[in-house]
Amino acid sequence: MTTAVLSALPEEQEGLAAQMDALRVVRHAGRDFHAGEWLGRPVVFALSGIGKVAAATTAAVLVERFNARRIVFTGVAGGLHPDVRVGDTVIGTEFMQHDMDASPLFPRYEVPLYGRSRFAADEQLVERLLAAARDPSTSTAVLFDAETLARFGIDAARVHRGLLISGDRFVSRADEAHALSAALPDAMAVEMEAAAVAQVCHDYGVPFAAVRNISDRADDQAHVDFPAYLAQVAGRQARALIAALLPM
Ligand code: ADE
């Protein structure tokens, strides 16, 4: 059963492909797909680029062309919920598009003709990712050196589960982050891809889950925190988590 690991940006998968066996690099639809084996399991690693359309296209290719039978998204996100700080990990249990609004034809956030605004993660994948993320050896508090922890003000790295919201906006103003939190109080973090992939996976009946490491608080500092975090640390936790997931 082929597991696909999808991220938006190369930094979010740093070091993953280097650990693969029988590696084949396939260029398709303007993207590179790294197919092969990892820990004896068939895997394909892909980078979508940023945004919902890019992510949806890549997810469809993973299913149609690479026979992906489960997809895990890994990358960074902006923390929204007051408990979610930089360095924390959020495992998505539900996904919605915060910029979907076909009102008054359909209720705000509802994906037209699906009769729903939220798509659920696969429960088994969520449980596995939670167990892996709670293992102290995969904690950002352990994976990052003291200088990095100090730089990003990470004291204790917590693991959360809950709603991830996606939209074609980099949220970089505190008032916008507050407005999203006020409208969707259970949203843990905001990013730009997972809900699109969740919808594609729903269409194909492919189990999906997402794990996001918090790079910023989606506030006025986000445009500074995000690239610094991405460059230094984004891929480190992904390697440990995916390794724990694969024997499943
Ligand atoms: N990914 C990481 N940080 C983000 C933010 N602030 N807004 C949207 N996507 C993000």
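Quick notes on this one:
- Projecting label points 7 angstrom from Cα along Cα→Cβ for residue 9 and residue 150 puts them 2.5 nm apart.
- Gain in span if fully extended, residue 114 to residue 26, counting 0.36 nm per residue against the direct Cα distance: 28.4 nm
- Mean-position separation - Cα centroids, the range 64-135 and the range 160-187, in angstrom: 12 Å
- Sparsely packed loop sites in the range 45-146 (the trypsin sites (Lys or Arg not before Pro) outside DSSP H, G, I, E and B with at most 16 other Cβ atoms within 10 Å) comprise 65, 108.
- Positive-end extreme of charge dipole, the chain - chosen from 194, 62, 126 (charges on Cβ): 62
- Its residues counted as N, the range 43-146 yields a C-alpha radius of gyration over 2.2 N^0.38 Å of 1.28.
- Each DSSP beta bridge with both residues in the chain is either parallel or antiparallel, and the antiparallel ones are about 40%.
- In units of the compact-protein estimate 2.2 N^0.38 Å, the range 1-105 shows a Cα radius of gyration of 1.20.
- Sequence of 74, 138 once ranked by neighbouring C-beta atoms within 10 Å, starting from the fewest: 138, 74
- Entry note, the chain: the mean residue ellipticity at 222 nm calculated from DSSP H runs of n ≥ 4, each adding -39500 (n - 2.57), is -9000 deg cm²/dmol after division by the residues and rounding to the nearest 500.
- Extension gain for residue 174 to residue 224 (0.36 nm times residue separation, less C-alpha to C-alpha distance): 16.6 nm.
- Dimensionless Rg/Rh of the chain - Kirkwood Rh, Rg from C-alpha atoms: 0.95
- Under 11 Å from a label point set 7 Å out along the Cα-to-Cβ vector of residue 204, no amide N atom of the range 8-37 is found.
FYI, it's all coordinate maths here, none of it is from the lab. Being a predicted model, the structure only gives us computed values, none of them experimental. For neighbour counting, all protein chains shown are included, and Cβ atoms are generated from backbone atoms with ideal geometry for every residue, glycine included.
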